[in-house]
């Protein structure tokens, strides 16, 4: 009798001690689901996954796919790259809903470019989140997911160009040579930026030479200069006092230029190696400014749409609106095919590398 009582008291004591123990994230995961392994140093991962001046916080390769999904709640050097775009999605949707309520929105040909802009923004954010969250699984996954990330960038560029052309352009600009070639040029340069980024990714190996950035930045810069041209023309020819959208356009340009700076240069981590492994990397700052650029674009385009919605079909014609928007899925498919071709070249290179090893 006394032995049974003592056994129950010891069991209760162990249970109380277990409750007093600090709760860890791994305690919330069922036993059947693998938990992510602790992060490791740069020297413990293949060269492909190492980022300049980032010395720790890497996730081990070849874990179960579920480990990388669960690493969404783990502290690692890609965590903020994921959350910056993941949190941007509800912010963008809330701003969309707020503008729909205040400025109005009716589904039809006139609003189609605005809808495409939102879809393109969500596309690049989704591909970016997927790439940064899952790319550490293997070299094949790394290449394939970042090729898809470049597809997202290309379709976002074209989505921006549709909004700028149909809502933010002036008649004098549309009658110029640039204006007449704008829509096919925007589609071509969007695809070209995807080609340039995919080529730079599979062609060059770490440590990356300066030529890689050139191959990436030239087509994306040309695409941006063309896409922003109707907005730039309007900013210099129209009174800002009469156009409430122009300050938002100015903010989106400033945000984009700052994002391009942090994308191109590894700052501030180059000045503090190992200090920005988890927070403060240039790529994280690039994500923040790109999100701000997208939000400012949405605000500006809604203002322009509210001003133009009654005349946009009359000015451009319903046929041109539909054709321009039909090019969006066509561009998406062309970019997907480009990513597939780049992946095939990459697989050949990886097989050759495995044979040499």
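Starting from residues that are modelled with pLDDT under 95 and in a helix (DSSP H, G or I), keep the ones in segment 237-253 and report whichever is nearest to the chain's Cα centre (by Cα).
Here the residue is 240.
For residues that are free of Cβ contacts under 8 Å to residues at least 60 places away in the same chain and not in a helix (DSSP H, G or I), scanning just segment 61-77, find the one that is nearest to residue 204 (Cα to Cα).
Per the criteria, the residue is 64.
When only residues in segment 190-217 that are more than 22 Å from residue 353 (Cβ to Cβ) and more than 19 Å from the chain's Cα centre (by Cα) count, which is surrounded by the most Cβ atoms within 10 Å (Cβ to Cβ)?
The qualifying residue surrounded by the most Cβ atoms within 10 Å (Cβ to Cβ) is 214.
Considering only residues that are in contact with a helix residue (DSSP H, G or I) (Cβ under 9 Å, 6 or more places away or on another chain) and closer than 15 Å to residue 187 by Cβ, look in segment 330-357 and name the one that is surrounded by the fewest Cβ atoms within 10 Å (Cβ to Cβ).
The extreme case among them is 330.
Is it the case that residue 132 is more than 14 Å from the chain's Cα centre (by Cα) and part of a helix (DSSP H, G or I)?
So residue 132 fails the test.
Condition first: surrounded by fewer than 22 Cβ atoms within 10 Å (Cβ to Cβ) and more than 24 Å from the chain's Cα centre (by Cα). Now tell me which residues in segment 264-305 satisfy that.
Correct list: 271, 272, 273, 274, 275, 303.
From 282, 317, which residue is touching a helix residue (DSSP H, G or I) at 6+ places or on another chain (Cβ under 8 Å) and without any contact (Cβ under 8 Å) to a residue 40 or more places away in the chain?
One residue alone meets the criteria, 282.
For segment 306-318, state whether one or more residues are surrounded by fewer than 21 Cβ atoms within 10 Å (Cβ to Cβ) and within 21 Å of the chain's Cα centre (by Cα).
Looking for residues that are surrounded by fewer than 21 Cβ atoms within 10 Å (Cβ to Cβ) and within 21 Å of the chain's Cα centre (by Cα), one finds none in segment 306-318, hence no.
Quick test for you: out of 127, 144, pick the one residue that is more than 18 Å from residue 193 (Cβ to Cβ), at pLDDT 95 or above and not in a loop (DSSP other than H, G, I, E, B).
After ruling out the rest, the residue left standing is 144.
Going by the conditions given, is residue 262 modelled with pLDDT of 95 or more and more than 25 Å from residue 79 (Cα to Cα)?
Judged against the criteria, residue 262 is not a match.
When you go through 187, 232 one by one, which is the residue that is assigned to a helix (DSSP H, G or I), over 18 Å from the mean Cα position of the chain (by Cα) and surrounded by 18 or more Cβ atoms within 10 Å (Cβ to Cβ)?
The unique qualifying residue is 187.
Inside segment 136-154, can you point out the residues that are without any contact (Cβ under 8 Å) to a residue 40 or more places away in the chain and within 14 Å of the chain's Cα centre (by Cα)?
145, 149, 152
With the requirement that a residue be touching a helix residue (DSSP H, G or I) at 6+ places or on another chain (Cβ under 8 Å) and without any contact (Cβ under 8 Å) to a residue 12 or more places away in the chain, what does segment 175-191 give you?
Answer for segment 175-191, where residues must be touching a helix residue (DSSP H, G or I) at 6+ places or on another chain (Cβ under 8 Å) and without any contact (Cβ under 8 Å) to a residue 12 or more places away in the chain: just 180.
Does segment 104-114 contain at least one residue that is in contact (Cβ under 8 Å) with a residue 40 or more places away in the chain, closer than 14 Å to residue 294 by Cβ, part of a helix (DSSP H, G or I) and touching a helix residue (DSSP H, G or I) at 6+ places or on another chain (Cβ under 6 Å)?
Yes: one or more hits.
The values are calculated or read from the model by the stated rules, or taken from the named source; none is laboratory data. Predicted model only: the values in this text are computed from it and were never measured. Because the Cβ atoms are built from the backbone with ideal geometry, glycine has one as well, and the counts that use them run over all protein chains shown.
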